[in-house]
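A short write-up of the structure that comes next.
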C-alpha cells in the first residue's frame, strides 16, 4: 500500500492504518529502535509506541514521506527509553557509542541552564550538513541519525570503513568549529 | 549544550537529507535480493530440500514444530533477531515464541565468490537440517571478504542463520553469520 493511502486511513480513523503501517515499516522501525536500545523487547515496545503516536498525531499531521515521519518518532521514543534506563543497561548500543563519538563536538557536559533550543540547534546542524559533500553528509546521518554501525554505513555509502571513520572524524571536528562560530556554548 | 541536546536536534534534521540516506539503506537490501535471485537455481534446490525436511519432521509429530515454522515462515518478526553484527542469539516468531537461532556445521564442498556449497555434518538448535544434506549458502554482504577468502574446500564452518528475505517464487534466502571455522 502506498504511503498516501496509509495516511488517508489514519485521517479516516480507520484502525487498519496501524496494521498497514506495521506490515510496511515494522522492520525498518525496529532496526532504528534496536540501534539505540540493543534489546529486542524494548525495541518492540518502542515501535508499538510509535504506532500509537502515529495514530494520535494523524490528523493533524499529514506527512509526505511516512517512513521518515515514523522513523523520527521511533528514534525519539527509543532515546527516551534509553535515557530512563540504568547505566548498566545503557551499554553496548550504537546509540551509546555515538554519544561517545559526538562528545568530541562538545567540551563538557552542559548544565540545564545551558540547554539550547532544539530547533535553533537543529537549524544550525542542518545548515552545516548542507555545506558538506554528499558522502560526508550521508555518513554523518547514517551514523548519528540512524545510528547504524560504522561497518554498515561504510557499506551502503560505498566506501571503506577506514575512509568512513576518518570522514566522520573530520565532520565532527567541522561541526564543533561550526557550532562555536555560530555562538553555541560548547 | 549537552550531548542530549545534540541528539534531540538530530531528530529535527531536514527530511530530504534523511530520505537520501534512507534510500541508500533500502537500496542495499534490494541489491542483495537481486544477487540472491541471480543465484536462484542453487539456492532453490538447497532451500526446498530444507523446507521439505522440516515438513517431514513436522508431520512426524516431532518436537520440531517451531523449526518447521521457522524455515517456512514469512514472518517479519523473525528477521528482527538478526542485527547486522550477528551477535543476537534469539528471534521471536509471530506467535511470540522465543527461539534460538539455528546453527549448522557444514563441510565446504565448493567455494564461490559470494558463498559456498557445503554438506551438513552437524545441526544444532533443532535446525531442521539433516546431516548429509547439501546446502548452498550465499553469504550476506556484511561478511568480510578476507574471511571468505580464508576458506577452502574441506574446511568446516558453523553457520548461524535465519530468514532474511521472504519466500518468493519458491525461493527462500537466509541471512547467515559464520561463527566458527576450521581446517
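The values are calculated or read from the model by the stated rules, or taken from the named source; none is laboratory data. Please read all numbers here as calculations on a predicted model, not as lab measurements. Counting neighbours? That spans all protein chains shown, and the Cβs are built from the backbone with ideal geometry, glycine included.
For the range A:165-174, indicate whether the set of residues that are under 19 Å from the mean Cα position of the chain (by Cα) and within 12 Å of chain B (Cβ to nearest Cβ) is non-empty.
Checked against the condition, which is being under 19 Å from the mean Cα position of the chain (by Cα) and within 12 Å of chain B (Cβ to nearest Cβ), the range A:165-174 yields at least one hit.
Inside the range B:1-47, can you point out the residues that are within 14 Å of chain A (Cβ to nearest Cβ), modelled with pLDDT under 65 and in contact with a helix residue (DSSP H, G or I) (Cβ under 9 Å, 6 or more places away or on another chain)? Lay out the reasoning, then the answer.
Filtering the range B:1-47 for residues within 14 Å of chain A (Cβ to nearest Cβ) gives B:1-33, B:35.
Narrowing the set further to residues that are modelled with pLDDT under 65 leaves B:28-33, B:35.
The one that is within 14 Å of chain A (Cβ to nearest Cβ), modelled with pLDDT under 65 and in contact with a helix residue (DSSP H, G or I) (Cβ under 9 Å, 6 or more places away or on another chain): B:28.
Please determine, by comparing only the residues of the range A:16-31 that are more than 12 Å from every other protein chain (Cβ to nearest Cβ) and touching a residue at least 24 places away in the same chain (Cβ under 8 Å), which one is farthest from residue A:143 (Cα to Cα).
Going residue by residue through the range A:16-31, those that are more than 12 Å from every other protein chain (Cβ to nearest Cβ) are A:16-21.
Pick out the ones that are also touching a residue at least 24 places away in the same chain (Cβ under 8 Å) and you get A:17-18, A:21.
On the way: A:17: 30, A:18: 29, A:21: 25 Å.
Ranking the candidates gives A:17 first.
For the range A:136-153, how many residues are farther than 24 Å from residue B:15 by Cβ and touching a residue at least 12 places away in the same chain (Cβ under 8 Å)? It would help to see each step written out before you state the result.
Restricting attention to the range A:136-153, the residues satisfying the condition of being farther than 24 Å from residue B:15 by Cβ are A:150-151.
Still in the running and touching a residue at least 12 places away in the same chain (Cβ under 8 Å): A:150.
Qualifying residue count for the region: 1.
Could you tell me which of the residues A:17, A:38 is crowded, with 20+ Cβ neighbours inside 10 Å and at pLDDT below 90?
Numbers: A:17 fails: at pLDDT below 90.
Answer to the selection: A:38.
Mind counting the residues in the range A:21-61 that are touching a helix residue (DSSP H, G or I) at 6+ places or on another chain (Cβ under 6 Å) and in a loop (DSSP other than H, G, I, E, B)?
Residues meeting the conditions: 2.
Of all residues being touching a helix residue (DSSP H, G or I) at 6+ places or on another chain (Cβ under 7 Å) and more than 8 Å from chain B (Cβ to nearest Cβ) in the range A:136-158, which is nearest to residue A:36 (Cα to Cα)? Just the residue, please.
Here the answer is A:147.
Just to be sure before I move on: is residue A:46 within 22 Å of residue A:125 (Cβ to Cβ), free of Cβ contacts under 8 Å to residues at least 60 places away in the same chain, more than 10 Å from chain B (Cβ to nearest Cβ) and crowded, with 19+ Cβ neighbours inside 10 Å in the structure I sent?
Values: within 22 Å of residue A:125 (Cβ to Cβ): no; free of Cβ contacts under 8 Å to residues at least 60 places away in the same chain: yes; more than 10 Å from chain B (Cβ to nearest Cβ): yes; crowded, with 19+ Cβ neighbours inside 10 Å: yes.
For residue A:46, the condition - within 22 Å of residue A:125 (Cβ to Cβ), free of Cβ contacts under 8 Å to residues at least 60 places away in the same chain, more than 10 Å from chain B (Cβ to nearest Cβ) and crowded, with 19+ Cβ neighbours inside 10 Å - is not met.
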